[in-house]
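What follows is a set of notes on a single structure, which appears directly below.
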Amino acid sequence: MAIPNICPKCNIGLVSKDEEGKPMLVCNICGYKREITNYTEHTCSACGYDKATIEYFGIIVGDEAALTMYKCLKCGKVEREGYA
Ligand SMILES: [Zn+2]
Ligand SMILES: [Zn+2]
């Protein structure tokens with residue numbers, strides 16, 4: 001299961017940010033930070049950034065494969081992969 005990207009103090013969405021090459025989730029209100037550990041190497045077609053989180057969208061119907069989506073950590077673009 002994905003960890004919700006929510007600040008535990010402010011209860012608002014965290015924004016992804018690159019700090020010294022490490023992808024972090026940062027709260028703009030209180031400065032809470034969490035290192036993103038579940039990212040993978042995936043080059044974004046929009047901005048060229050090479051780190052993305054993997055988001056799985058379970059099995060759809062019948063024999064369709066589970067969808068794997070990559071969400072760019074820089075611009076947030078979501079791209080589909082592993083689906084033929
Ligand atoms: Zn916060
Ligand atoms: Zn991007």
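The values are calculated or read from the model by the stated rules, or taken from the named source; none is laboratory data. Model, not experiment: these values are computed from the prediction. Heads up, the Cβs are rebuilt from the backbone with ideal geometry, glycines too, and the neighbour counts pull from every protein chain shown.
Can you name every residue in the range 59-84 that is out of contact with any strand residue (DSSP E or B) (no Cβ under 8 Å at 6 or more places or on another chain) and at pLDDT below 70?
At the first step, the residues of the range 59-84 found to be out of contact with any strand residue (DSSP E or B) (no Cβ under 8 Å at 6 or more places or on another chain) are 59, 61-65, 75, 84.
The answer is Ile59, Val61, Gly62, Asp63, Glu64, Ala65, Ala84.
Across the range 45-56, what is the total count of residues that are surrounded by 15 or more Cβ atoms within 10 Å (Cβ to Cβ) and under 8 Å from Tyr70 (Cβ atoms)? Spell out how you get there, then give the answer.
First, the residues of the range 45-56 that are surrounded by 15 or more Cβ atoms within 10 Å (Cβ to Cβ): 49, 51-54.
Filter once more, so that each one left must be under 8 Å from Tyr70 (Cβ atoms): 52-54.
Selection size over the range 45-56: 3.
Going by the conditions given, is Thr53 β-branched (Val, Ile, Thr), touching a Ser or Thr at 6+ places or on another chain (Cβ under 9 Å) and at pLDDT 85 or above? Talk me through it step by step, then tell me what you get.
On the way: β-branched (Val, Ile, Thr): yes; touching a Ser or Thr at 6+ places or on another chain (Cβ under 9 Å): yes; at pLDDT 85 or above: yes.
In short, yes.
Here is a list: Asn38, Asn28, Asn5. Which entry is closer than 28 Å to Leu67 by Cα and within 16 Å of ligand 1 (Cβ to nearest atom)?
On the way: Asn38 fails: within 16 Å of ligand 1 (Cβ to nearest atom); Asn28 fails: closer than 28 Å to Leu67 by Cα.
Residue meeting the stated conditions: Asn5.
Conditions (1) farther than 17 Å from Val78 by Cα; (2) outside the structural domain of Glu81 (by TED's automatic domain parsing), marked per residue:
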residue: Pro4; (1), (2): no, yes
residue: Cys10; (1), (2): yes, yes
residue: Lys17; (1), (2): no, yes
residue: Cys27; (1), (2): yes, yes
residue: His42; (1), (2): no, no
residue: Ala46; (1), (2): no, no
residue: Thr53; (1), (2): no, no
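Of all residues in the range 29-40, how many are closer than 21 Å to Lys77 by Cβ and in contact with a Lys or Arg (Cβ under 9 Å, 6 or more places away or on another chain)?
The number of residues fulfilling the criteria is 3.
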